[in-house]
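One structure below.
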Amino acid sequence: MSPAFRAMDVEPRTKGVLLEPFVHQVGGHSCVLRFNETTLCKPLVPREHQFYETLPAEMRKFTPQYKGVVSVRFEEDEDRNLCLIAYPLKGDHGTLDSVDNSDCEPKSKLLRWTNKKHHVLETEKSPKDWVRQHRKEEKMKSHKLEEEFEWLKKSEVLYYSVEKKGNVSSQLKHYNPWSMKCHQQQLQRMKENAKHRNQYKFILLENLTSRYEVPCVLDLKMGTRQHGDDASEEKAANQIRKCQQSTSAVIGVRVCGMQVYQAGSGQLMFMNKYHGRKLSVQGFKEALFQFFHNGRYLRRELLGPVLKKLTELKAVLERQESYRFYSSSLLVIYDGKEWPEVALDSDAEDLEDLSEESADESAGAYAYKPIGTSSVDVRMIDFAHTTCRLYGEDSVVHEGQDAGYIFGLQSLIDIVTEISEESGE
């Protein structure tokens, strides 16, 4: 067993933090949980942990902030529902104390991801009958979950209509199919392993979606190669096949997941990785166009900032010696909620009045500018297969830049530039 996953000493009588599903996950299969509004929690993988611990300073603005390590274990609430609770490691009082827990769910509102345990009187069923029935029920639940997940895989692009008068952000929490189904599947596996192991190490990372009211998220699998140096022959062959059959081999990038709120049509759109693998280069370009489209028009004001950040990231990676970011992703995030716009020559009183109105009602009369800033974020995530010569235990040491990743970035820059030019930017 890896040293990172050996038995952990948890500080006794320490107040824990309830972990909830992270509803804005659009790609990947690892269990990502919400620690609080600004912090996420995911299983610790030694290689990824080492990456965050030794991250070059100039790359920090392009990765989530690393906030430490916690111990996660299963517990029961007063209704005997299983839940996941995070605790500081023994002697590490600073980790939870340094993270703002003001918006964490109280322990009385524990996350329920399994049904209540049923207590059966011995007069009703013998222990053997109860065990047999319990196993049968668990098998049926597992089978049903697999069927639902298969349905999700077939439903590669989904649209949901939302109530415009309601809180779109809260509705989004109920609609994202990929995040919820992935969490159910992952948590089911963790539940099955709970008999043998009840403590896990998780890392705490910045929640990149926290500053957006309605996060639109694009997950891009970067590079021409996805398998790590430690992959088995079967795993490597499988990853090579996926690259060859997708845009990864041609342009060094493919869609791994997408979540978009189209305010114009009042719809939420989700695209999963299975659809992303099937896209041609032209289909990839159309998917990017769709990501920046609000249902009425292209959000052109986002394209310039995206290009600027992609260009900056490319320059940073070109200076990194020996790094290989196999199977990592690039997130592009912006707010689906659009800020109202006002005439450039408006005075303070006009600004105050128009801030409460929709920009659409007065659009076209003057030259307009947004009240708020149309911010967009670009970050690298998922470093479980990253390697570098600094990792002394690696048997393979690479030289120079990660050409495959940089090739994918340049392709992305070229395609976003084409979209911008074709739209009249």
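The values are calculated or read from the model by the stated rules, or taken from the named source; none is laboratory data. What you see is a predicted model, and the numbers here were worked out from it, not measured in a lab. Cβ: placed from backbone, ideal geometry, glycine included. Neighbour counts: every protein chain shown. The protein model used for the area step is the full one, side chains on, heavy atoms only, and it has no ligands, DNA or RNA in it. Shrake-Rupley method; radii C 1.70, N 1.55, O 1.52, S 1.80 Å.
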Computed magnitude of the charge dipole of region 166-304 (debye, nearest 20; Cβ of K, R +1, Cβ of D, E -1): 260
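Out of the total accessible area of region 198-293 (probe 1.4 Å, heavy atoms of protein only), what percent is carbon and sulfur?
Details: 1600 of 3450 Å².
Its accessible area is 46 percent carbon and sulfur atoms.
Using a Förster radius of 22 Å, what is the FRET efficiency between SER395 and LEU55 based on their Cβ-Cβ separation? Nearest 0.05, please. Spell out each step's value before the answer.
Working: r = 22 Å, r/R0 = 1.02.
The computed FRET efficiency comes out at 0.45.
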Gain on full stretching of the segment that runs from ASP230 to GLU213 - 0.36 nm per residue minus C-alpha separation: 2.1 nm
Would you mind calculating the gained length between GLU421 and GLU192 on full extension (0.36 nm times residue separation, minus the Cα-Cα distance), in nm to one decimal? 77.2 nm
Evaluated at 20 °C with a viscosity of 1.002 mPa s, what Stokes-Einstein diffusion coefficient in µm²/s does region 280-338 have when Rh comes from the Kirkwood expression over alpha-carbon pairs? 156
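Within 10 Å of each candidate Cβ there may be at most 14 other Cβ atoms; applying that plus a DSSP loop requirement, which GluC sites (Glu not before Pro) in region 194-295 survive? Let's see the in-between values first.
Values: sites: GLU206, GLU213, GLU233, GLU234, GLU286; in loops: GLU213.
Of the GluC sites (Glu not before Pro), the ones in loops of region 194-295 whose Cβ has at most 14 other Cβ atoms within 10 Å are GLU213.
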If we count every other residue with Cβ under 12 angstrom of ASP402's Cβ, Lys/Arg +1 and Asp/Glu -1, where does the sum land? +1
If I model a spin label at GLN199 and ARG319 as a point 7 Å from the Cα along the Cα→Cβ vector, what separation in nanometres do I get? 4.2
Positive-end extreme of charge dipole, region 386-425 - chosen from PHE407, GLY424, CYS388 (charges on Cβ): CYS388
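Set the bar at 27 Å for Cα to Cα. Now go through LYS42/LYS221; LYS191/LYS221; LYS285/LYS308; LYS42/LYS242 and name every pair that lies beyond it.
On the way: LYS42/LYS221 19 Å; LYS191/LYS221 29 Å; LYS285/LYS308 18 Å; LYS42/LYS242 25 Å.
Beyond 27 Å between Cα atoms: LYS191/LYS221.
What's the FRET efficiency of VAL281 with THR311 using the Cβ-Cβ distance as r and R₀ = 25 Å, to the nearest 0.05?
Working: r = 21 Å, r/R0 = 0.83.
The calculated FRET efficiency here is 0.75.
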